[in-house]
1. For the stretch 1-52: of the residues being free of Cβ contacts under 8 Å to residues at least 24 places away in the same chain and among the acidic types (Asp, Glu), which is nearest to Val103 (Cα to Cα)?
2. With more than 14 Å from Met93 (Cα to Cα) and among the aliphatic types (A, V, I, L, M) as the only criterion, which of Val53, Val22 stands out?
3. Quick check on my filter: what residues within the stretch 55-103 are among the small types (Gly, Ala, Ser) and out of contact with any Gly (no Cβ under 8 Å at 6 or more places or on another chain)?
4. Would you mind finding the one in Val14, Val59, Val22 that is at pLDDT 95 or above, aliphatic (A, V, I, L, M), surrounded by 14 or more Cβ atoms within 10 Å (Cβ to Cβ) and in contact with an Asp or Glu (Cβ under 8 Å, 6 or more places away or on another chain)?
5. Mind checking whether some residue in the stretch 67-75 is surrounded by 15 or more Cβ atoms within 10 Å (Cβ to Cβ), touching a residue at least 24 places away in the same chain (Cβ under 8 Å) and of a type in the set (D, E, K, R)?
6. Need pairs with beta-carbon distance below 9 Å; first residue farther than 22 Å from Gly56 by Cβ and free of Cβ contacts under 8 Å to residues at least 24 places away in the same chain and within the stretch 80-103, second in a strand (DSSP E or B) and acidic (Asp, Glu); sequence gap 6+ or separate chains.
Amino acid sequence: MYAIVEIGGQQFKVQKEDKLFVNLLENEAGSDLEFDKVMLLADGDNIQVGMPVVEGARVKAKILDHVKADKVLVFKKKRRKGYQKLNGHRQPMTQIQIEEITV
């Protein structure tokens with residue numbers, strides 16, 4: 001069984017016991033979450049597609065940790081002008097584990 005769920009404005013394909021990184025969520029580590037924006041729910045040959053969401057479907061998850069993603073480097077250069085600029089940042093992320101998908 002898997003589901004397509006919207007978390008923080010992005011869509012993820014999730015299954016039970018999956019661990020994934022999403023944009024930073026404001027809850028503390030160790031707390032439980034419940035997502036109700038389930039776009040698609042598939043169980044074998046039985047597929048339910050929501051218009052826009054599947055009614056009554058929920059995904060329960062647990063926050064494992066708040067981490068930073070890998071560094072992203074932004075390099076700007078204007079040729080023949082001697083201008084170079086290097087910036088970088090690390091995006092804050094939340095690691096969650098899917099515990100249950102209910103209908």
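1. Step by step, filter the stretch 1-52, then rank; the result is Asp36.
2. Selected residue: Val53, the only one of Val53, Val22 that is more than 14 Å from Met93 (Cα to Cα) and among the aliphatic types (A, V, I, L, M).
3. Result: Gly56, Ala61, Ala69, Gly82, Gly88.
4. Just one listed residue meets the conditions, Val59.
5. No, every residue in the stretch 67-75 fails to be surrounded by 15 or more Cβ atoms within 10 Å (Cβ to Cβ), touching a residue at least 24 places away in the same chain (Cβ under 8 Å) and of a type in the set (D, E, K, R).
6. Listed pairs, sorted by first residue: Arg90/Asp70.
The values are calculated or read from the model by the stated rules, or taken from the named source; none is laboratory data. Since the structure is predicted, the reported quantities are computational estimates derived from the model, not experimental observations. Methodologically, a virtual Cβ is constructed for each residue, glycine included, from the backbone with ideal geometry; neighbour enumeration extends over all protein chains shown.
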